[in-house]
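First up is the structure itself, then whatever we jot down about it.
The values are calculated or read from the model by the stated rules, or taken from the named source; none is laboratory data. Please read these numbers as outputs of a predicted model, since none were measured by experiment. Please note: Cβ atoms are built from the backbone with ideal geometry, for glycine as well, and neighbour counts cover all protein chains shown. All accessible areas refer to the heavy atoms of the entire protein, side chains included, with ligands and DNA or RNA removed. Shrake-Rupley method; radii C 1.70, N 1.55, O 1.52, S 1.80 Å.
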Amino acid sequence: MCFNLSRILSPITILRSMRTIKRNKYHSHCKYQWMFAKRLCSSEANASAIKPCFEFTDGQKELCLNDPNIAEIVKEKTKRKEFFYGIEIPLKVDLNTCLDFKMFLPQVPEFMSIVWTKQFSDAIRSASMAKLPNIQTVSQLTPYIPAMAHISLHRLVQQDLNDFLDLNLNNVLVIRGDHVEEGQEYNYAYEAVKYLRAVRGNSLAIAVAGYPEGYTNLQVGPRNKALDMEYLKLKVDVGANLIFTQLCFSAEKIIEFIKDAHSAGIAVPILVGIIVPYSFANYRIIERITGVRLSPEARIEVEQLSSDDTKVKDYFVQLMVRIIQQILEADLGIYGIQFFTLNHFEPVVEVLHELRSKGIPKNSKADC
């Protein structure tokens, strides 16, 4: 289906600008009140059906954020060559996620991203976008930490994107998803990125996925690196201003991917996606779902540890520390890491602890 954006862009842009002004007035009022009385930015101010049990640091409690643009934050961090990281969490419709941000001190995540699951693709047929758990959780988080909702194209229609735009959120990660069904209006991520950018202009941070191993979960036949990069460049050309690389257990492949992206003319910031399997069973699940694997030699090493979950976790902690170090030392302008947590945060904390012991980041200061 084709849409004449030249006819609908102006009125839509005006409407969204009015919503932005209204929202900014609320948050300015919030900051004004905090200066003279008790702070108003709290979970009670964003009450919803979802009640995630988040515990924030004292520093985060003082922020009273106004849903900042994550792409701008990343751009500024990259310009200053500062190490930073975000964390991704999955949600289930019937299960809350608990997270105490104090466990990450002295350096808390710069932002959060909230996964879109197949449950949400099913639920959106009978519930509005605003009722989805990942959207509601973003609202719970944004007074304290920048947060980005994922949107999968699986079963998505244009009205769903319009409903998302009506929420006037400032950050989104657009992914194709692992399934394509008859009736969904967007089959490729660039199509949705193009529409979102046309409607919202530069006020929306749009992240997309990059695949150092290729799009392995839908890949048929040998990998075509040139075609993979062509699709990534297309997503950037139509409006994506942030890239999260997906799973890869090889620093060499990640570095090669980043160099290829730069050679293709991709200049937007790239964050390197990292996952720390916490057991051999967990690694095998990741391997099966994503098609991403350790090298044959590394897999043999892990198999020899497979009866001891602690040793397997320690192996992956050290592997991820080495990968991050190699990427930072490659001097490619990469300073950000995106941790895929699967709601297991201790391995991430261990990686961060090991990095700090090696001087990353430099001059780390404790959160107040």
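For the range 344-350, the Karplus equation 6.51 cos²θ - 1.76 cosθ + 1.60, evaluated at θ = phi - 60°, returns couplings of 10, 8, 4, x, 5, 4, 5 Hz by residue, with Gly and Pro reported as x. Database remark: amide H of residue 85 closer than 5 angstrom to the amide H of 110, 337 (H placed geometrically; neighbours at sequence offset of 5 or more, or on other chains; Pro and chain starts carry no H).
Sort 58-65, 229-236 by packing, meaning the average of other beta carbons within 10 Å per residue, with the highest value first. Don't jump to the answer; show the numbers that get you there.
Values: 58-65: 15.9, 229-236: 19.0.
The densest-packed peptide leads the list: 229-236, 58-65.
Summarised in one figure, the compactness ratio Rg/Rh of the range 304-357, Cα atoms and Kirkwood Rh, is 1.01.
Quick one: net charge around residue 69, please, counting Lys, Arg +1 and Asp, Glu -1 for every other residue with C-beta under 12 Å from its C-beta.
Numbers: positive: 75, 200; negative: 67, 72, 76.
Around residue 69, the surrounding residues sum to -1.
If you take the square roots of the eigenvalues of the alpha-carbon gyration tensor of the range 261-368 and sort them as a ≥ b ≥ c, do you get rounded (a/c under 1.5), prolate (a/b over b/c) or oblate? Oblate, because a/c is 1.5 or more while a/b does not exceed b/c. Counting only protein heavy atoms and using a 1.4 Å probe, the accessible area of residue 98 comes to about 80 Å².
The count of lysine pairs in the range 252-368 that are at least 8 places apart or cross chains, and whose C-alpha atoms lie under 29 Å apart, stands at 11.
Provide the gained length on full extension for the span residue 53 to residue 187, in nm with one decimal, where the gain is 0.36 nm per separating residue minus the Cα-Cα distance. Write out the running numbers ahead of the final one.
Values: separation 134, 0.36 × 134 = 48.24 nm, distance 3.52 nm.
Going from the current span to full extension adds 44.7 nm.
Efficiency by 1/(1 + (r/R0)^6): what FRET value for residue 82 and residue 130, r their Cβ-Cβ distance, R0 = 56 Å, to the nearest 0.05? Each step should come with its number before you reach the end.
Details: r = 35 Å, r/R0 = 0.62.
Once rounded, the FRET efficiency stands at 0.95.
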